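**Student:** I have a structure here, written as structure tokens, and I will follow up with some questions on it.
The values are calculated or read from the model by the stated rules, or taken from the named source; none is laboratory data. Remember, it's a predicted structure, so these values are computed and weren't measured experimentally. Cβ sites come from the backbone with ideal geometry, for glycine too, and all protein chains shown count toward neighbours. With ligands, DNA and RNA removed, areas are computed over all heavy atoms of the protein, side chains included. Shrake-Rupley method; radii C 1.70, N 1.55, O 1.52, S 1.80 Å.
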Amino acid sequence: MPTANKSAPGSARTPGPDAENTAAMAHVSDGPALLQTPGQKVLVAEDNKVTQDLLKLLLKQRGHDVHIVANGQDALAALETEEYDVVLMDFHLPKLDGLKVATAFRSGDKSSRPTRFIAITADMEGLLGHVDNCENFDSVLPKPFDLERVVQVVEGKAEEVYVPVAQPSEPVQLRPAEEPSNALKHADNHIQDLKHEFLRWPDDFDGDRLSARFLQAMLDDAGRFDAILVRQPAKARDVTALWATKALHVLPVIDLTGSLGAQADLDGSKLSVGETDKVATLINDFHNRRTRLHHDVLHSDDLSVKLLGRAYVTGAPVTPSYDPEQRGLVGYNVALESDLVESEAAKLCDMGYLERRFFDRFHRCGACGSSRLHVREECSECRSPDLREEAYLHHFSCAYQGPESDFRHGEDLVCPKCRKELAHFGVDYDKPGSMMKCGACHHGNSDPLVGFVCLDCKAHASSDVPVTHDVYGYELTDRGVGYLETGRAMLGRQNHAMRLAHLPLEVIVAVNSELKAYQENETPFVVLDISYANQRRIEREHGLRDFEQARDLFLENLNNTLRKEDLVIKGISYDYAIIKGVDADEARNGLDYLRGEAVNGVRHDLGIAAQVFTPEDFA
């Protein structure tokens, strides 16, 4: 294999979106079929005839009543004369743009029938930067359409909380907007000085209208944001939007109020000016791990997959701790209710993606499942807890034994059986022990029962009724990490035809250029798909930064070993080398030489493996 030294390292940029892949009018995903819902009355305001026909066909097949208009004035007129359940509104409409239509209708709407406005646009920047309030839209559908996504949004199934959130005994009320405390302002100012992009809770998470920043997070997979700032006291049940909106669950949570405790990734309420580097470190660590997550994981709506991804980006096990505010007395280091963590983690353990670590055993109420149980001693006859400990006396003369209160007559002790006075301890009587006397029924017993009262549902149970519940912590397994990094391919990479759409954009551009030369002149080339078998072991034993430094040095050495016209490109989970003018046999024969040269000076054994692809391998 021809080689030549280079003076500059190869490209190592993180891949961006492939613009060419967005040219198609619509894309139908391979997700599960959607369940049919009762038909709704839908107004489609769109000036493109192809888009009109597409939406009309799709929605009519779903049983919806669809009306079409082609400009903003007609849309507003239709809304003023008829009532609609849903309006699909193009942002750039003739005569009156879609946002002005939505704003005008919202300001004058007196109908009792709620109408949901959904923007459809390829111009997100224009929509978010519009002078009118884009919060008049309930949701946004970016063009090109994902048809399954269109159906979900129209039928109200998109961006819901995909978790059966346990309802508290009393409704959770967000505090009304209030002036931030001096401590909160202080912490906020320190963090804002770092110039990161933050989503703010609850400011950007209004459940009634979507803010521009929240729309950005929904549509860009949260890619432009670095972290979530919690600026009002909150509990896990309050921030379920983090799990309902794709990719927000893999952002670090910085709690400026200190109210989330272990469920936040950083307690910002305690940061001083000199400690703000902790924020940057947290964000960088999350970002580095997040870039390794496969797109199958980032785009999943499955809560168990989201929990798995969350465990990966935090770099820590899912760890329980005692929390008296939770019904189960346990909280986890994720902003999710403990019952949900346990149910989803159990599924992941069954699949071999997580491994259990025993934490503690709790009793649970048989009626409501709460572990907030009051444990008490009770009367064996009437179950009253009104028990008093009394000494019991033994009268030597007649052998009568009973509680001291039975003998007491004022200042004297008189046997209730033989009526003799007990004058001298050790001569007339002794006190061999004590017993429990019930104040309710006056029954005496030396062995009271143990009972439980649930503090949530007030149910009562004896000690043999409550069930026990074991609580575990959870750690990622190699199988779990393999799924997170490779998606449905699971562990390992099998030989297969490489698809351009699965590659970083820079690799796609280079391969397209080489394929053109191959088709015109039969000029051979190969693509090396480089993976690192020891990546997880190195990160576990030495840390993420050590692995990245070793990986970068390997790529720099490889780039310098190859010729100037060859390319080395850093991807997310895999890296690539494009070597021109060689065929598959030459490349395979030269792999050992390239590997030997490229590992010079690299501290760790990366477990480098390279799969060779030729022009015939690209589908």
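**Student:** Confirm whether S380 is in a loop (DSSP other than H, G, I, E, B) and either under 30 Å from E325 (Cα atoms) or touching a strand residue (DSSP E or B) at 6+ places or on another chain (Cβ under 9 Å) (or both).
**Tutor:** Yes, satisfied.
**Student:** Still on this structure, please answer the following. Counting just the residues of region 565-592 that are over 21 Å from Q519 (Cβ atoms), among the hydrophobic types (A, V, I, L, M, F, W, C) and surrounded by fewer than 18 Cβ atoms within 10 Å (Cβ to Cβ), which one comes out farthest from the chain's Cα centre (by Cα)?
**Tutor:** Filtering region 565-592 for residues that are over 21 Å from Q519 (Cβ atoms), among the hydrophobic types (A, V, I, L, M, F, W, C) and surrounded by fewer than 18 Cβ atoms within 10 Å (Cβ to Cβ), the one farthest from the chain's Cα centre (by Cα) comes out as L591.
**Student:** Could you list, in sequence order, all residues of region 394-436 that are closer than 28 Å to C382 by Cβ, touching a residue at least 24 places away in the same chain (Cβ under 8 Å) and of a type in the set (A, V, I, L, M, F, W, C)?
**Tutor:** Across region 394-436, the qualifying residues are M435, M436.
**Student:** Shifting gears a bit: With the checklist (1) closer than 15 Å to F198 by Cβ; (2) touching a residue at least 40 places away in the same chain (Cβ under 8 Å); (3) not polar (S, T, N, Q) in hand, flag the one item D255 doesn't pass.
**Tutor:** All conditions pass for D255, except number (2).
**Student:** Here's another thing I want to ask about it. Out of the residues in region 402-437 meeting the condition of being of a type outside the set (D, E), part of a strand (DSSP E or B) and at pLDDT 90 or above, tell me which one is surrounded by the most Cβ atoms within 10 Å (Cβ to Cβ).
**Tutor:** Selected residue: Y429.
**Student:** Something else: So which residues in region 304-340 are aliphatic (A, V, I, L, M) and touching a residue at least 40 places away in the same chain (Cβ under 8 Å), if there are any at all?
**Tutor:** Within region 304-340, the subset aliphatic (A, V, I, L, M) is 305, 307-308, 311, 313, 316, 318, 329-330, 334-336, 340.
Residues satisfying the conditions are L307, L308, A311, V313, V318, L329, V330, V334, A335, L336, L340.
**Student:** Moving to a separate point now. Report every pair of residues separated by at least 6 positions or lying on different chains whose Cβ atoms are under 6 Å apart, first residue within region 553-575 and of a type in the set (D, E), second outside any helix (DSSP H, G or I) and open to solvent by less than 30 Å² (accessible area, probe 1.4 Å).
**Tutor:** D566/I579; D575/I530
**Student:** Residues of region 222-261 being open to solvent by less than 10 Å² (accessible area, probe 1.4 Å) and β-branched (V, I, T), which ones?
**Tutor:** Those that are open to solvent by less than 10 Å² (accessible area, probe 1.4 Å) and β-branched (V, I, T): I228, V230, V239, T245, V250, V253, I254.
**Student:** Can you pull out every residue in region 75-107 that is open to solvent by less than 50 Å² (accessible area, probe 1.4 Å), over 13 Å from L43 (Cα atoms) and free of Cβ contacts under 8 Å to residues at least 24 places away in the same chain? Let's see the steps before the verdict.
**Tutor:** Filtering region 75-107 down to residues open to solvent by less than 50 Å² (accessible area, probe 1.4 Å) leaves 75-79, 84-91, 93, 96-99, 101-105.
Narrowing further to those that are over 13 Å from L43 (Cα atoms): 91, 93, 96-97, 99, 103-105.
If the condition is that a residue be open to solvent by less than 50 Å² (accessible area, probe 1.4 Å), over 13 Å from L43 (Cα atoms) and free of Cβ contacts under 8 Å to residues at least 24 places away in the same chain, then no residue fits.
**Student:** A further question follows. Restricting the search to region 325-376, which residues are assigned to a helix (DSSP H, G or I), touching a helix residue (DSSP H, G or I) at 6+ places or on another chain (Cβ under 6 Å) and surrounded by fewer than 21 Cβ atoms within 10 Å (Cβ to Cβ)? Step through it out loud before you land on a result.
**Tutor:** Step one: list which residues in region 325-376 are assigned to a helix (DSSP H, G or I), which gives 338-350.
If we keep only those that are touching a helix residue (DSSP H, G or I) at 6+ places or on another chain (Cβ under 6 Å) too, we end up with 344, 347-348.
Across region 325-376, the qualifying residue is only K347.
**Student:** Identify all residues within region 594-612 that are in contact with a Ser or Thr (Cβ under 8 Å, 6 or more places away or on another chain) and open to solvent by 40 Å² or more (accessible area, probe 1.4 Å); write none if there are none.
**Tutor:** Listed by number, the residues that qualify are E597, A609.
**Student:** Could you tell me how many of the residues in region 353-367 are more than 19 Å from D470 (Cβ to Cβ) and of a type outside the set (G, A, S)? Give the steps one after another, and end with the answer.
**Tutor:** Within region 353-367, the first condition is being more than 19 Å from D470 (Cβ to Cβ), and the residues that meet it are 353, 367.
Remaining after also requiring of a type outside the set (G, A, S): 353.
Number of matching residues: 1.
**Student:** Ok, one more. Which one is nearest to T486 (Cα to Cα), of the residues in region 262-284 that are assigned to a loop (DSSP other than H, G, I, E, B) and open to solvent by 40 Å² or more (accessible area, probe 1.4 Å)? Working first, answer last.
**Tutor:** We begin by selecting, within region 262-284, every residue assigned to a loop (DSSP other than H, G, I, E, B); these are 264-265, 271-272, 276.
In the following step, the residues that additionally are open to solvent by 40 Å² or more (accessible area, probe 1.4 Å) were identified as 265, 272.
On the way: D265: 26, S272: 40 Å.
Among those that are assigned to a loop (DSSP other than H, G, I, E, B) and open to solvent by 40 Å² or more (accessible area, probe 1.4 Å), it is D265.
**Student:** Looking only at region 67-81, decide whether some residue is modelled with pLDDT under 85 and assigned to a loop (DSSP other than H, G, I, E, B).
**Tutor:** Within region 67-81, not a single residue is modelled with pLDDT under 85 and assigned to a loop (DSSP other than H, G, I, E, B).
**Student:** Please find, within region 295-324, the residue that is nearest to R536 (Cα to Cα) out of those that are in contact with a strand residue (DSSP E or B) (Cβ under 7 Å, 6 or more places away or on another chain) and either open to solvent by 50 Å² or more (accessible area, probe 1.4 Å) or outside any helix (DSSP H, G or I) (or both).
**Tutor:** In this case the residue turns out to be P317.
Each row is one residue, and each column tells you yes or no for (1) more than 30 Å from the chain's Cα centre (by Cα); (2) open to solvent by 30 Å² or more (accessible area, probe 1.4 Å); (3) over 24 Å from P317 (Cα atoms).
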| site | (1), (2), (3) |
| --- | --- |
| L455 | yes, yes, yes |
| V465 | yes, yes, yes |
| Y472 | no, yes, no |
| G482 | no, no, no |
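**Student:** Now a separate question. Can you pull out every residue in region 450-470 that is among the polar types (S, T, N, Q), part of a strand (DSSP E or B) and under 18 Å from D386 (Cα atoms)?
**Tutor:** S462
**Student:** A follow-up question, please. Could you say whether any residue in region 285-294 is closer than 17 Å to Y472 by Cβ, open to solvent by 10 Å² or more (accessible area, probe 1.4 Å) and under 13 Å from the mean Cα position of the chain (by Cα)?
**Tutor:** Among the residues of region 285-294, not one is closer than 17 Å to Y472 by Cβ, open to solvent by 10 Å² or more (accessible area, probe 1.4 Å) and under 13 Å from the mean Cα position of the chain (by Cα), which makes the answer no.
**Student:** Could you tell me whether any residue of region 205-221 is surrounded by 18 or more Cβ atoms within 10 Å (Cβ to Cβ), at pLDDT 90 or above, in a loop (DSSP other than H, G, I, E, B) and not hydrophobic (A, V, I, L, M, F, W, C)?
**Tutor:** no
**Student:** So, one more: Just give me the residues in region 505-558 being in contact with a Leu (Cβ under 6 Å, 6 or more places away or on another chain) and either surrounded by fewer than 19 Cβ atoms within 10 Å (Cβ to Cβ) or among the charged types (D, E, K, R) (or both), in sequence order.
**Tutor:** Of everything in region 505-558, those that are in contact with a Leu (Cβ under 6 Å, 6 or more places away or on another chain) and either surrounded by fewer than 19 Cβ atoms within 10 Å (Cβ to Cβ) or among the charged types (D, E, K, R) (or both) turn out to be I508, N534.
**Student:** As an exercise: evaluate R106 against (1) within 37 Å of the chain's Cα centre (by Cα); (2) at pLDDT 75 or above; (3) not in a helix (DSSP H, G or I) and give the number of the one condition it does not meet.
**Tutor:** (3)
**Student:** Further question: Among the residues of region 588-619, what is the count of those that are part of a helix (DSSP H, G or I), more than 18 Å from A510 (Cα to Cα) and in contact (Cβ under 8 Å) with a residue 12 or more places away in the chain?
**Tutor:** Adding up the residues that qualify gives 9.
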